[in-house]
Amino acid sequence: MTTVPLEAYLTVSLLLFGLGVFGMVVRRNMVTVLMSMELALNAVNVLFVGADAHLGLVDGQVFALFIVALAAAEAAVGLGIIISIFRLRKVDSTDEIVDMRG
C-alpha cells in the first residue's frame, strides 16, 4: 500500500486554508463568512490527520475530533446570532452592521 506524502497534505491544507481566509475577507454575506471559517477549520483538520498519518501517531486525530466539536458548536451559535441579527435589523451583509447594541 502506498502512502500519501506529507507535502500533499500540506499543499491541500494550505489551499483550503487560503480559500477559507479569502472567503472571510472578501465576502460580505454573514452565512458565507461562517462557511469560510468552517473551511479554514477543516483545513487544520486535514493537516493534523495528515501529520498523524505520516508520523504514525494518534494525537492529531484527537485534536481533529475536538476541532470538529468546536466547529459544530461555533456553527450553531454563529447561525443563531446571524438569524437574530437578520430578524432584528433586516440586514444580511457584514458591512451594514455598525454597532452591537440592541
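The values are calculated or read from the model by the stated rules, or taken from the named source; none is laboratory data. Fair warning: this is a prediction, and the values are worked out from it, not measured in the lab. Heads up, the Cβs are rebuilt from the backbone with ideal geometry, glycines too, and the neighbour counts pull from every protein chain shown.
Couple of notes before you dig in:
- Summed over segment 80-102, the residues that are of a type in the set (A, V, I, L, M) and at pLDDT 80 or above give a count of 3.
- In segment 64-84, of all residues being closer than 11 Å to Asn45 by Cα and among the β-branched types (Val, Ile, Thr), the one that is surrounded by the fewest Cβ atoms within 10 Å (Cβ to Cβ) corresponds to Val68.
- Residue pairs whose Cβ atoms lie under 6 Å apart, sitting 6 or more positions apart in sequence or on different chains, and linking a residue in segment 1-12 that is more than 10 Å from Ala53 (Cβ to Cβ) to a partner that is part of a helix (DSSP H, G or I), are Val12/Val46.
- Pair list, Cβ under 7 Å, 6 or more apart: segment 33-45 residue without any contact (Cβ under 8 Å) to a residue 60 or more places away in the chain and buried (at least 19 other Cβ atoms within 10 Å of the Cβ), other residue hydroxyl-bearing (Ser, Thr, Tyr) and assigned to a helix (DSSP H, G or I): Ala43/Ser13
- Among the residues of segment 9-30, those that are more than 12 Å from the chain's Cα centre (by Cα), surrounded by fewer than 17 Cβ atoms within 10 Å (Cβ to Cβ) and among the aliphatic types (A, V, I, L, M) comprise Leu10, Val12, Leu14, Leu15, Val25, Val26.
- Sole residue being in a helix (DSSP H, G or I), modelled with pLDDT of 85 or more and touching a Phe, Trp or Tyr at 6+ places or on another chain (Cβ under 9 Å), chosen from Val77, Val46, Val68: Val46
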